[in-house]
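Input: a single structure, listed below in C-alpha cells.
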Amino acid sequence: MGLSKPTAGAARSDDPYLPTHGNGGYRVAHYELDIDYKVAANRLTGRAVLTAVADAPLSRFSLDLEAFRVPRVLVDGEAAKFRHRAGKLHITPDRPVAGRFTVEVRYVGNPAPVASRWGDVGWDELTDGALVASQPVGAPSWFPCNDHPSDKATYRITVTTAAPYTVAATGVLSARRRSAGTRTWVYERAEPTPSYLVSVQIGRYEEVVLAEGPVPQVAVIPARLRRNAARDLGRHPAIMTALEGFFGPYPFADYQLVVTDDELDDPIEAQGMSIFGSNHLDGRRTHERLVVHELAHQWFGNSLTIADWRHIWLNEGFATYAEWLWSESSGGRAAAAHAREWHARVAAQPADLVLADPGPARMFDERIYKRGALVLHALRGRIGDEPFFALLREWTARHRHATVTTAQFVELAGRHAGTDLSAFFTAWLDRRALPGLGS
Ligand SMILES: [Zn+2]
C-alpha cells in the first residue's frame, strides 16, 4: 500500500440545497453526547465524543457547531488546534487522522435556535423547559456534528437536569440516576440516525402508556392535558397497527409522542419520537391526521432518510398519503375523496413547482406534501392495490435504516408495475404541469 498524502476535508457538503451544512472527508459512526442543562438559565454544558471514519488521511476537517464557547478539542485523545467561526469548527490535529478516529469537543453556552429561511430550528426554550426540533439545519444549535441527512450514526445521549423535569430523548432509555437535586437520563439509539432527527425534550411531563406492545407507545405530556390525550391519542395503537399493515414493520423499538406545555405551529418528527404542541390536543381529535403523519415519518424520513434535500417529497408525500390511508381504513373519507379534493386545490395554484427538485425555498411548500401524496394515489390507481402496497413494503424493507433517492423509488415502482412508468413519473415528478389523477 502506498502512502497517500493527507488532504483537508471540505467544510461543506455536496448537497445542492444546503451546501454549508455537512462536511467532507469523513463519516460519523457514533455520537456520545453528555449534556448538563440548567432550565432557568438556559445554560448548556456539553461534551461530545464522535467516533468517525476518514475516507483517506485528513490533515484537517470540520464539524458544524453554532455559537458556543469551546474550551478544548481532542483528536484521538490529544489536544488539537481549532478555529470556531460562522457555524463551523475547523480542527487541525497534531498528526493527520486516518481510518477510525475520535473527536472530543467540550462546549458551553446558552443554546439558541438557528435562524433559517424555514424559521427558527434546533434547541429552543419553552416557558418551563426546552425542546429540540431541528429539521433541516438545527442540530448544530446543541451539538457538534456532521450536519447532513446522509451521514447517519448511532447515539448515546446523557442529559442531566434539575429533578422536577422529565427528559425524553431520541433513543431507548437505558439508565436513570438520581443525585442531590438532579436526575440523569441516558438514552441509546442503535439505529443509524441523521443529526436533524436527534432530539431532547425537557419539561414537567408525565408518561401515559398508549400501548404496552407489540410496539411500546408512550405519550409524554403535561398532566393538565391527560383527559384530552385520552381522547385524541386513544386510537394510536390502532393507527400503529394500520400503518404497519400498509408499510411493513415499525422500524424502531418504541415510540414516544411528546406534547409540550406550550403551543407549537406544527408538529415535527424525530427518531422514534414526534413532538406536538398543547394546541394539538384539543380533546376533539381535531389533529389526528397529524398524529398519523408524524408516525408515518418513522418509515419515510427516519428509517428511509433522503440522500439529500431535493428528495423531500419522499418524506412529505408519503406521510401525507398515510393520512389519507388511515382516513379510509378507519371509516372516514376514502383516499380517493382526499385525492380529488387536493387535486383540485393544487390545480388552482400556479404550475411552477417541480416535485423532484423544488428548490430550497420550497422544500416545505404545501404542494410538496399534497402533490407528493397525489403521485402515490395516481400510482396506486395505475398499478392496482396489491402491487402498490407490495411496492411500499419492499421500499421500506429494502432501504431500512439507509438513505434513498427519487430515482431508486421510480426504479422499484417500475419493477412492481411490470410496465414502463417513465412517462407517468416524468409528468408527476419532473414537470411543472399537474397531471390528471387518472393519467
Ligand atoms: Zn411531515
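What the table shows:
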{"read-out": "Enumeration of residues in the range 81-137 that are within 28 Å of Glu269 (Cα to Cα), without any contact (Cβ under 8 Å) to a residue 60 or more places away in the chain and assigned to a loop (DSSP other than H, G, I, E, B)", "value": "Ala86, Ala112, Pro113"}
{"read-out": "Selected residue [surrounded by 24 or more Cβ atoms within 10 Å (Cβ to Cβ) and assigned by TED's automatic domain parsing to the domain that holds Gly381] from Ala351, Ala344, Ala322", "value": "Ala322"}
{"read-out": "Of all residues making up the range 249-271, the number that are within 16 Å of the ligand (Cβ to nearest atom) and surrounded by fewer than 17 Cβ atoms within 10 Å (Cβ to Cβ)", "value": "2"}
{"read-out": "Count of residues meeting criterion [in a loop (DSSP other than H, G, I, E, B) and either away from the ligand (no atom under 16 Å from the Cβ) or of a type in the set (Phe, Trp, Tyr) (or both)] in the range 288-342", "value": "8"}
{"read-out": "All strands (runs of 3 or more DSSP E) inside the range 146-224 with 3 or more residues being of a type outside the set (Asp, Glu) and surrounded by fewer than 21 Cβ atoms within 10 Å (Cβ to Cβ)", "value": "153-162, 172-179, 182-193, 206-211"}
{"read-out": "Residue in the range 241-248 that is within 16 Å of the ligand (Cβ to nearest atom), crowded, with 19+ Cβ neighbours inside 10 Å and touching a residue at least 60 places away in the same chain (Cβ under 8 Å) present", "value": "yes"}
{"read-out": "Pair list, Cβ < 9 Å and 6+ apart or interchain, from the range 316-329 residues that are farther than 17 Å from Leu355 by Cβ to residues that are within 10 Å of the ligand (Cβ to nearest atom) and part of a helix (DSSP H, G or I)", "value": "Ala322/His293; Ala322/Ala296; Glu323/Leu290; Glu323/His293; Glu323/Ala296; Leu325/Ala296; Trp326/Ala296"}
{"read-out": "Residue among Ala229, Ala211, Ala253 that alone is within 25 Å of Arg156 (Cβ to Cβ) and touching a strand residue (DSSP E or B) at 6+ places or on another chain (Cβ under 8 Å)", "value": "Ala253"}
{"read-out": "Lone qualifier among Ser195, Ser199 - being at pLDDT 95 or above, small (Gly, Ala, Ser) and closer than 19 Å to Val259 by Cβ", "value": "Ser199"}
{"read-out": "Filter pass, Phe424 being more than 16 Å from the ligand (Cβ to nearest atom), crowded, with 20+ Cβ neighbours inside 10 Å, part of a helix (DSSP H, G or I) and more than 28 Å from the chain's Cα centre (by Cα)", "value": "yes"}
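The values are calculated or read from the model by the stated rules, or taken from the named source; none is laboratory data. Computed from a prediction, not measured in an experiment: that's the story for all the values here. Every residue, glycine among them, receives a Cβ derived from its backbone with ideal geometry; neighbour counts consider all protein chains shown.
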